[in-house]
Every structure is written in structure tokens, then in C-alpha cells.
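Notes follow the structure.
Nothing in this text is a laboratory measurement; each read-out follows from the coordinates by a stated rule. Predicted model only: the values in this text are computed from it and were never measured. Every residue, glycine as well, gets a Cβ built from its backbone with ideal geometry; the counts of neighbours run over all protein chains shown.
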Amino acid sequence: MCGRFSLVASKEKIQRELPFADTGINFRTSYNIAPTQHAYVVTNDSPERLQYITWGLIPHWSKDGNNNGKLINARREGIENKPSFRIPLRQRRCLVLADSFYEWRREGTRKIPHRIFLNEGQLMLMAGIWDIWYKGDYALKSFSIITTPPNREVAPVHNRMPVLLTSVEQQNKWLEARDLEEILSVLKTPEDGILSVYRVSDLVNSVRNDSPVLHRKLPETPQLF
């Protein structure tokens, strides 16, 4: 799964790598984005701008609109048939912006946090789906991150990882495709050799912590890849 991620890139970096998406005025960064919090996405219906919406999909048919954090991820396997995901997959797709994500490796009873990021320091664009829930005139947008089995770098840490769309072709296809088979063809385990992984502080375990120390590599541990 993907249970935490970060986005601390500058507006200038985002504009260089996503020239079609307006960052807006009050751009916010975070070292520790957690479920039910807001994060930045580019949606297929408005690809010209960033939107700041809730992490944890709330299906349009939800009775109460509550975000309990259960739908933060959508497994690639069978996604096209799941009641909460089948319409968003076909009609409401998005790119979720990050500079890294965190994952935890089990060592006995302990869970050891690691930071995972692209080797060249590019933005991570994770494949996501979004939905919109209405109560009268009130509209609430939310999203889920799609996950697959891990590539070589992530496998020693966890058995799932986000779908990463690393090329402009993949990103455009994800936002623009209409045929279901074409949509599903984008959802693959990321290629090997593109990620770096290292251990970070247990401070990331608490959503109250949000500072540069969360990105710091622990000096006594080697980089895994």
C-alpha cells in the first residue's frame, strides 16, 4: 500500500516538470501527508491546474460522505470491477503529486520506515482516481492512489507500491484515454532501477511531525538501492 508521502518541491520545479498545470498562489508543502489530509492532484477534467483535495476516496454514492481512510489505495488487480472504483477508473482519473513516499519494513514486531524517491529527484506522479460527493450545493472531491506489486527496489521493504507514471506519454494516456483496455495498460509495476530507498526516522510514524528531518537518511544505515 501507500500510506504516507511527501511533497516539498518548489512551485518553480512543478511548473518546469508540469508546465500545463497552474500551481496557484497559496501552494502548500508537506513532509508527511497522511490519509484524510489534502494533497495536490491533476485531474482529467481540469488538467490545466492543480487541485488540493482529500486523500481517501469517498464514492459519489456514499450516504454520509465520511472519509474513514479505508479507500486511500486501490489495488490494480480487479480495479475495473470494484464498486467504489469502476466508475472513477473509467471517468475520473488523476495524477497525484509527490517527491517521495514512505513505506515500512517489518523486522520482528517492529516496522522500520523508509523513504522512496526517484533517482534523479524528479516529481513523482502517481496514478490516482478521484470522485466527487454532493450534499446539496456542497461538493467534496477525494482521491485514491492505485497500487501494484513492487519493483526490485521496493520489494525488500513492502509487497505493494504506487503506480508511478514516469513518462509524458504515460501521463497523457492516463488523463486522456477512453478505452478501458488502454487505461488498464498504463497500470504496471514501475520498472526496476529508477528508485532509491533508505531508512528514515521513526518520527514519520506520527502525523504531527512535519519537518525536513523526516527526509534525512539515518547515517548508520546503508542505502538499500
Can you give me the long-range amide H partners of A74? Hydrogens built in the peptide plane at 1.01 Å from N, cutoff under 5 Å, separation of 5 or more residues or another chain. I145, I146, T147
Taking only C-alpha pairs under 8 Å that are 6+ residues apart, what is the relative contact order of the chain in percent? 21
Expressed to one decimal in nm², the mean projection of the alpha carbon convex hull of region 4-215 is 12.1
Here are some pairs, K11/K141; K111/K141; K13/K111; K11/K70; which of them have Cα atoms lying more than 27 Å apart in this structure? K111/K141; K13/K111; K11/K70
Long-range amide H partners of L125 with built H, under 5 Å: L165
Under a plain spin-label model, where a point goes 7 Å from the Cα along Cα-to-Cβ, how far apart in nm are S10 and R152? 3.4
Would you please give the residues with an amide H less than 5 Å from that of L195, counting only those at least 5 places away or on a separate chain, with H modeled from the backbone geometry? N119
If you build the convex hull over the alpha carbons only and average its shadow over all orientations, what do you get for region 131-222? Give it in nm² to one decimal. 9.5
Could you sort 66-72, 124-130, 160-166 so that the peptide with the highest average Cβ count within 10 Å comes first and the rest follow in order? 124-130, 160-166, 66-72
Helix-only CD estimate at 222 nm, as mean residue ellipticity for the chain, using -39500 (n - 2.57) per DSSP H run (n ≥ 4): -3000 deg cm²/dmol
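For S46 and K188, what does the FRET efficiency come to when R0 = 22 Å and r is the distance between their Cβ atoms, rounded to the nearest 0.05?
Rounded to the nearest 0.05, the efficiency is 0.30.
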Pairwise centroid distance, computed over Cα atoms, of region 157-225 with region 111-128, Å: 3
In sequence order, calculated HN-Hα J values of region 43-48 (Karplus, 6.51, -1.76, 1.60; Hz; x Gly/Pro): 9, 5, 8, 9, x, 7
Ranked highest first by average number of other Cβ atoms within 10 Å, how do 198-204, 117-123 line up? 198-204, 117-123
Of all chymotrypsin sites (Phe, Trp or Tyr not before Pro) in region 2-98, which ones are in loop regions per DSSP and have a Cβ with at most 10 other Cβ atoms within 10 Å? W61
